[in-house]
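Asks: Attaching a single structure in C-alpha cells format; questions to follow.
Bear in mind that the values in this text are calculations on the coordinates, not laboratory data. Computed from a prediction, not measured in an experiment: that's the story for all the values here. Cβ sites come from the backbone with ideal geometry, for glycine too, and all protein chains shown count toward neighbours.
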Amino acid sequence: MKENTDFIRHFAPLQQQLLMYIRSLLPNLSDADDLLQEVAATAWNKFESFDNSKGEFKSWLFGIARNKVMHSKRRFLRAQNLLNEVQMQKAEEHFSTRKVNDLDERQNALQSCIEKLSHDQKQLLIARYHEKKKSYELGAILNRSAEQIRIQLFRLRKVLKSCVMENVEQ
C-alpha cells in the first residue's frame with residue numbers, strides 16, 4: 001500500500017505537465033488523453049523498479065511517455081503503410097484491368113485528328129514533339145518569333161484535345 005501512495009504522490013503533481021508534453025508530440029488531442037492513461041498504467045506497473053538514486057521521477061516518467069509516443073507513431077505508420085499498399089494494389093488492379101482499349105481509342109482518335117491538320121501544322125508538331133526542337137529553334141527556321149510558335153502550338157494542342165474528346169465520346 002505504501003508504494004501506491006508513493007506513486008500517486010509523485011505522479012499527481014506531474015500529470016498536467018505530462019499531458020501537455022504528450023500533446024506536444026501528438027497531433028490528435030484525444031490520442032494524447034489515451035496515451036496519458038497508458039503511460040500512467042505502465043508507470044504504475046513499473047513503479048517498484050523505479051530507483052531514486054538513478055534519476056528523478058519526472059525524467060523517468062517522461063521517458064516512459066516518450067517511448068509510448070514513439071511506439072504509437074510507429075504503429076500508426078505501419079497501419080498507414082499497410083493502407084497505402086492496399087490502395088496501391090487496388091489502383092494497380094483498376095488501371096491494369098481498366099480498358100487498355102481506352103488508351104487505344106484515344107490514340108486512334110488523336111491519329112485521326114492529326115490527319116485532319118494541314119501539312120504545315122503536322123510539320124510543326126513533328127518538329128516540336130518528335131524532333132524535340134525548341135520554340136526559338138522553330139521560330140528561326142520559320143522566320144517567326146518563339147512566342148508566335150508557342151501560341152501556334154498552344155492552339156494546335158487545344159484543337160487536337162477538342163477533336164480527341166469529340167471522337168472518344170462518339
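Asks: Could you put 7, 76 in order, starting from the residue whose Cβ has the fewest other Cβ atoms within 10 Å?
Replies: Working: 7 19, 76 14.
Going from sparsest to densest Cβ surroundings: 76, 7.
Asks: By counting other Cβ atoms within 10 Å of each Cβ, how are 151, 114, 22 ranked from fewest to most? Walk me through the numbers before you get to the answer.
Replies: On the way: 151 13, 114 16, 22 24.
With the fewest neighbours first, 151, 114, 22 line up as 151, 114, 22.
Asks: Another question, then. With an 8 Å cut-off on Cα pairs and a minimum separation of 6 or more residues, tell me the relative contact order of region 100-169 in percent. Mind showing how you got there, number by number?
Replies: On the way: 40 pairs, mean separation 26.8, N = 70.
Over region 100-169, the number comes to 38 percent.
Asks: Compute the angle between helix 57-97 and the longest alpha-carbon principal axis of the chain, please, reported from 0 to 90 degrees and rounded to the nearest 10.
Replies: 30
Asks: With a 10 Å Cβ neighbour count serving as the proxy for reagent exposure, in which order, fewest first, do 53, 112, 72, 118 appear? Mind dumping the intermediate values first?
Replies: Numbers: 53 4, 112 12, 72 18, 118 8.
Result, fewest neighbours first: 53, 118, 112, 72.
Asks: A further question follows. For percent of Cα pairs over 23 Å apart, several values are listed as [x] 39; [y] 66; [z] 30; flag the one computed from this structure.
Replies: Read-out taken from this structure: [y].
Asks: What number, in percent, do you get for the relative contact order of the chain if the mean sequence gap of Cα pairs under 8 Å and at least 6 apart is divided by its residue count? Write out the running numbers ahead of the final one.
Replies: Numbers: 77 pairs, mean separation 27.2, N = 170.
Answer for the chain is 16 percent.
Asks: Starting from 0.36 nm per residue, how many nanometres of slack lie between residue 54 and residue 74 once their C-alpha separation is accounted for? Could the numbers behind the result be given before it?
Replies: Working: separation 20, 0.36 × 20 = 7.20 nm, distance 2.85 nm.
Length difference between fully extended and current span is 4.3 nm.
Asks: With axes computed from alpha carbons, what is the tilt in degrees of helix 100-115 against the longest principal axis of the chain, rounded to the nearest 10 within 0 to 90?
Replies: On a 0 to 90 degree scale, this one is about 30.
Asks: Helix 2-11 sits at what angle to the longest principal axis of the chain, using alpha carbons and giving 0 to 90 degrees rounded to 10?
Replies: Between the helix axis and the principal axis of the chain, the angle is about 40 degrees.
Asks: Amide H neighbours of residue 134 under 5 Å, at least 5 residues apart or on other chains, H built in the peptide plane: list them.
Replies: Residues meeting the amide H criterion: none.
Asks: Please give me, ordered by residue number, the GluC sites (Glu not before Pro) of region 128-170 that lie in loop per DSSP and have at most 16 other Cβ atoms within 10 Å. Write out the running numbers ahead of the final one.
Replies: On the way: sites: 131, 137, 147, 166, 169; in loops: 131.
In loop regions of region 128-170 (DSSP not H, G, I, E or B), the sparsely surrounded GluC sites (Glu not before Pro) are 131.
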